[in-house]
Amino acid sequence: MKPKWLEWAQKLQAIAQTGLTFSENPYDIERFQSIQAIAAEILATHTNAELSYILDLFDRDVGYATPKVDVRGAVFRDDCILLVKERVDGCWTLPGGWADIGFSPSEVVVKEIFEESGYLTRAVKLLAVYDRDRQGHPPYPHYIYKLFFLCELLGGSPTPSIETEAIGFFPENEIPELSIGRVTPAQITRLFQHYRNPNLPADFD
């Protein structure tokens, strides 16, 4: 269960962002800006983030408020899963990131895997579509859907990037410390279950 303060802040931000998108009356614009400031203050109060940082995130998000999309790839070799070590926090995660405009979900995950690990892959199955706030991740200002794809390894070699400093394949009982903001132990466990049981349907919610 996500904390109520996070739910309130996200809903207030969505109302404010959508209102700012469609409002022309200067008084309405001022009211929605005030609502957005309250949402940012709630988030700053309950997290370690600076108020200015959260307001900057909000300012970059324009248009009708919708969830952001995070795409991750599960690549297996010899009963081990591919993980990359993030430079930001020194912890490990599935390769992936924000979905980019102009790419389909499967194209994005293949691109992200190559950029972060050096491996060439092909997306073969959608394994899960998760609401990030229901998965045990730490709070984040934006509302996010997470897509997990099973990807077939085609070639390439381990190559660090500007975002990743190490690449490795790990068995289920030797998973290193995970970057919990990106992937959780429960998600890794579930991906191994999908790998071992190809007939499982995609998870959702």
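The values are calculated or read from the model by the stated rules, or taken from the named source; none is laboratory data. Keep in mind that this is a model prediction, so the values were computed, not measured. Neighbour counts run over all protein chains shown; Cβ positions are idealised from the backbone, glycine included. Surface accessibility is based on the protein's heavy atoms, side chains included, excluding ligands, DNA and RNA. Shrake-Rupley method; radii C 1.70, N 1.55, O 1.52, S 1.80 Å.
A few notes on this one:
- All of 78, 100 fail the test of being surrounded by fewer than 15 Cβ atoms within 10 Å (Cβ to Cβ), touching a helix residue (DSSP H, G or I) at 6+ places or on another chain (Cβ under 8 Å) and either among the aliphatic types (A, V, I, L, M) or over 27 Å from residue 46 (Cβ atoms) (or both), apart from 100.
- Long-range neighbours under 7 Å by Cβ, at least six apart or interchain, first residue among the acidic types (Asp, Glu) within the range 123-152, second surrounded by fewer than 22 Cβ atoms within 10 Å (Cβ to Cβ) and assigned to a strand (DSSP E or B): 131/145; 152/122; 152/124
- Output for the range 21-39, where each listed residue is of a type outside the set (S, T, N, Q), touching a residue at least 24 places away in the same chain (Cβ under 8 Å) and open to solvent by less than 60 Å² (accessible area, probe 1.4 Å): 39
- Residue list for the range 74-107, restricted to those being more than 14 Å from residue 182 (Cβ to Cβ) and out of contact with any Leu (no Cβ under 9 Å at 6 or more places or on another chain): 78, 79, 80, 100, 101, 102, 103, 104, 107
- Filter pass, residue 62 being within 23 Å of residue 186 (Cβ to Cβ), open to solvent by 80 Å² or more (accessible area, probe 1.4 Å) and either touching a Phe, Trp or Tyr at 6+ places or on another chain (Cβ under 8 Å) or hydrophobic (A, V, I, L, M, F, W, C) (or both): no
- A single member of 100, 61, 79 is touching a residue at least 60 places away in the same chain (Cβ under 8 Å) and within 30 Å of residue 155 (Cβ to Cβ), and it is 79.
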